[in-house]
Amino acid sequence: MRELFGLMKFGTRSALWAAVINSVVAIIKTAAYMITGNVAMFAEMMHSFGDAANQFFVFIGSALSKKEPTEKFPGGFGRLVNLVLLGAVLIVAVLAYETIVEGIHHISNATHSEDWFWLNIGVLGASALLEAAVLYKAMKEITEHLPKEQVKGFKLIPESYKHVKDAKPASKLVFLEDNVAVGGAVLAILAIIVATYTPFHSATGYASIIIGIALVLVVGRIFMDNAAGALGVADVKMQARMGARILQHPHINDIQDLDVIKEGESLHVELKVEVDSNMTIKEADDIRNYIEKKIKESVKNVTDVIIEFDDDDGIDTWSSISPKDNQ
């Protein structure tokens, strides 16, 4: 139990903040829905509960994935965060379904109402601001590896969208969910205004369906990313970068094979290099240390490096199998 609590400090902070804030927002929206019965508020309530549960599991999973390898699990626990996220998306999928069903029901039974207008607007406006604060924190995590000048001021926003595909799984989930959360709150506000002041009284029902569909899209994206992560997906760009740096050593003649596998938020590296057959064990050991140092200098989240040596066969293998952008 002590080890479990010790690992919590390594969890993704944006996920923890998102879980706490979404829990508070969900409780507020629940109270507002019970008072007003507004279907757009119901959609946002379900969304916030889903986000809170999801992001709490993400925080736990990202923390446990930092556990050191054991004799029973020598490969470590890096992929645990992917497995947790695969389970967490089921919660969002169920809530998305309920949101869509409730929206359809409201469209067929829409009635005009001006009751509790400002309460609905106030709650949704406050939740949009809180969700935006969490989204900003996720943006900071996604761009933390970039130079400060590149993400200064409003430059942070486009840069976070540009680099989200390379983000840690937990940070990516928070980023995607809070994009939907902020957009959903704004959409719900607009729907309530339209339903109150125009004859289009079913606007909140349509807003609920749109929010539900947006949740389904997020679920699909997260599921595909983490299914690949759980199986073990190669980081092709990182392979190209590492290969170019490794070949800088004068005694490494070629690279037969190089695999960089994503293990949750970390990277696992396996490679086979070709060297002179007359090389001594000491020289080979020096090369091993050089490769490990170069790799870990250029990439912070590499957990382990497995290196094999083979005789130089005189065939340039790496140039034929490496990605085109290996320069």
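The values are calculated or read from the model by the stated rules, or taken from the named source; none is laboratory data. Because the structure is a prediction, the values reported are computed rather than measured. Don't worry about glycine lacking a Cβ; one is built from the backbone with ideal geometry, like all the others, and counts go over all protein chains shown. All accessible areas refer to the heavy atoms of the entire protein, side chains included, with ligands and DNA or RNA removed. Shrake-Rupley method; radii C 1.70, N 1.55, O 1.52, S 1.80 Å.
Observations, loosely collected:
- Count of segment 213-259 residues which are within 30 Å of ASP311 (Cβ to Cβ), under 21 Å from the mean Cα position of the chain (by Cα) and not in a helix (DSSP H, G or I): 3
- Checked against (1) assigned to a helix (DSSP H, G or I); (2) open to solvent by 70 Å² or more (accessible area, probe 1.4 Å); (3) not acidic (Asp, Glu), PHE200 meets all criteria but (1).
- All positions within segment 15-38 that are among the small types (Gly, Ala, Ser) and surrounded by fewer than 24 Cβ atoms within 10 Å (Cβ to Cβ): ALA19, SER23, ALA26, ALA31, ALA32, GLY37
- Among the residues of segment 39-77, the one identified as outside any helix (DSSP H, G or I), in contact with a Phe, Trp or Tyr (Cβ under 9 Å, 6 or more places away or on another chain) and open to solvent by less than 30 Å² (accessible area, probe 1.4 Å) is SER65.
- Identity of the residue in segment 276-321, touching a helix residue (DSSP H, G or I) at 6+ places or on another chain (Cβ under 8 Å) and touching a residue at least 60 places away in the same chain (Cβ under 8 Å), that ends up surrounded by the fewest Cβ atoms within 10 Å (Cβ to Cβ): VAL299
- Where a residue in segment 130-146 is over 13 Å from TYR161 (Cα atoms) and its partner, wherever it lies, is among the hydroxyl-bearing types (Ser, Thr, Tyr) and crowded, with 21+ Cβ neighbours inside 10 Å, with Cβ under 8 Å and at least six apart: VAL134/SER14; LYS137/SER14
- Residue in segment 274-285 that is under 15 Å from ILE246 (Cβ atoms), in a strand (DSSP E or B) and within 39 Å of the chain's Cα centre (by Cα) present: yes
- For segment 222-269, the candidate set comprises residues that are closer than 30 Å to ALA63 by Cβ and of a type in the set (D, E, K, R); within that set, the residue that is modelled with the lowest pLDDT is GLU265.
- Among residues of segment 204-229 that are surrounded by 21 or more Cβ atoms within 10 Å (Cβ to Cβ), those with a beta-carbon under 7 Å from a residue that is not in a helix (DSSP H, G or I) at least six positions away or on a different chain give the pairs THR204/ASN38; GLY205/ALA110; GLY229/ARG79; GLY229/LYS262; GLY229/GLY264.
- ALA96 vs. criteria farther than 17 Å from ASN179 by Cα and either within 15 Å of the chain's Cα centre (by Cα) or open to solvent by less than 20 Å² (accessible area, probe 1.4 Å) (or both): no
- Contact map, segment 46-74: residues that are touching a residue at least 12 places away in the same chain (Cβ under 8 Å) and closer than 18 Å to VAL216 by Cβ paired with residues that are of a type in the set (D, E, K, R) and open to solvent by 10 Å² or more (accessible area, probe 1.4 Å), Cβ distance under 9 Å, separation 6+ or inter-chain. Pairs shown: MET46/GLU98; MET46/GLU102.
- Of all residues in segment 148-188, those satisfying the criterion of being open to solvent by 70 Å² or more (accessible area, probe 1.4 Å) and either among the basic types (Lys, Arg) or not in a helix (DSSP H, G or I) (or both) are LYS148, LYS152, LYS155, LYS162, LYS165, LYS168.
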